[in-house]
Amino acid sequence: MSARPAAVLWDMDGTLLDSEKLWDIAVRELAREHGSELTDEIRHALIGASGPNALRMLFAGIGVEATPQVIGEAGEFLERRVTELMLGPIPWRPGAKDALAMARAEGLRCALVTNTKRSLTEYGLDTLGRDFFDTSVCGDEVPHGKPDPASYRKAADLLGLDPLDCVAIEDSPTGALAAQGAGCGLIVIPCEIAVPEAPGRVFRESLVGLSVVDLGAALAARDEHFGSAAR
Ligand SMILES: [Mg+2]
C-alpha cells in the first residue's frame, strides 16, 4: 500500500523561486560595503540560514566585529536591497509552477514554509500566486527559524495535520534538517549547494514531473528508515 500525503510543505527560496540569487546579490553588496569580498565558502554557509544568526556568520567570515549596531544596520540594508530586487521579476525554479498545480489537482493541502520574513515573503507570494497555498509560515513567525523544526510544526498545525502526514520539499541542508526534525517526509532538490545524503531523504534533480506517487515515496522512504511506529 502506498502512502498518500495529506499536504505538501514547500520551501520558497531556492525551491520554488530562484530567489537565493537575489540574496546573493544583496549579501555580496553588504560584504563590499564592509570592504570585503564574500568567499563562496561563507556564502554557501549562509544559504538557508536565518536573520541575525546568518549575519553573525557573515561578519565572522569577513573578520568584522558583529556589534549589535553592525548587525542591525546590516539587517536593514539586506531587507531594503532584497525588497528592491524582489520588486523585479523573481525567477521560478524549473518545474515549480507545474508541481504546485499538480498538488492542487490532487487535492493536497499546501503550505509555504520559509525562513524569510513575512514582509519579503509577501513579494514571493505575489509571484507564486496565493491560491496555491492554504497557509504560510515565515521566519519571523516562529521562535527559531530553520534548522529548528518549529516552522514545519507550525505549518502542519495551521493545516490541522500531523507533520508525519506531510511531505516537505527543500533545497538546503538547513531546511532539510528542519523538515526531518519535524518528522515530515522529505524530498531534496539541491539548488546552489550540495545537501548531504542522510537516512530518509529522497533526492531529485528538479521539480519537473513531480507526481503524487513521488510524494508518497518520500513518506515510504522516511518510514523505512525511522519505522512506521512513528505514524
Ligand atoms: Mg531554500
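The values are calculated or read from the model by the stated rules, or taken from the named source; none is laboratory data. These numbers come from a predicted model, not from an experiment. So basically every Cβ, Gly included, is an ideal-geometry build from the backbone, and we count neighbours across all protein chains shown.
For Gly200, the conditions (1) at negative phi; (2) in contact with a His (Cβ under 9 Å, 6 or more places away or on another chain) all hold with the exception of (1).
Glu76 meets the stated requirement of being in a helix (DSSP H, G or I), surrounded by fewer than 18 Cβ atoms within 10 Å (Cβ to Cβ) and of a type outside the set (Val, Ile, Thr). For the subset of the stretch 99-108 comprising residues that are assigned to a helix (DSSP H, G or I) and of a type in the set (Gly, Ala, Ser), which member is farthest from the ligand (Cβ to nearest atom)? Going through the qualifying residues, I end up with Ala105. In the stretch 88-142, the qualifying residues are those that are among the hydroxyl-bearing types (Ser, Thr, Tyr) and out of contact with any Phe, Trp or Tyr (no Cβ under 8 Å at 6 or more places or on another chain), and the one that is surrounded by the most Cβ atoms within 10 Å (Cβ to Cβ) is Thr114. Within the stretch 182-204, being in contact (Cβ under 8 Å) with a residue 12 or more places away in the chain and away from the ligand (no atom under 16 Å from the Cβ) holds for Gly183, Gly185, Ala198, Pro199, Gly200, Val202.
Filtered by the rule that a residue be farther than 22 Å from Glu106 by Cβ, modelled with pLDDT of 95 or more and of a type in the set (Val, Ile, Thr), the stretch 175-231 gives a lone residue, Val195.
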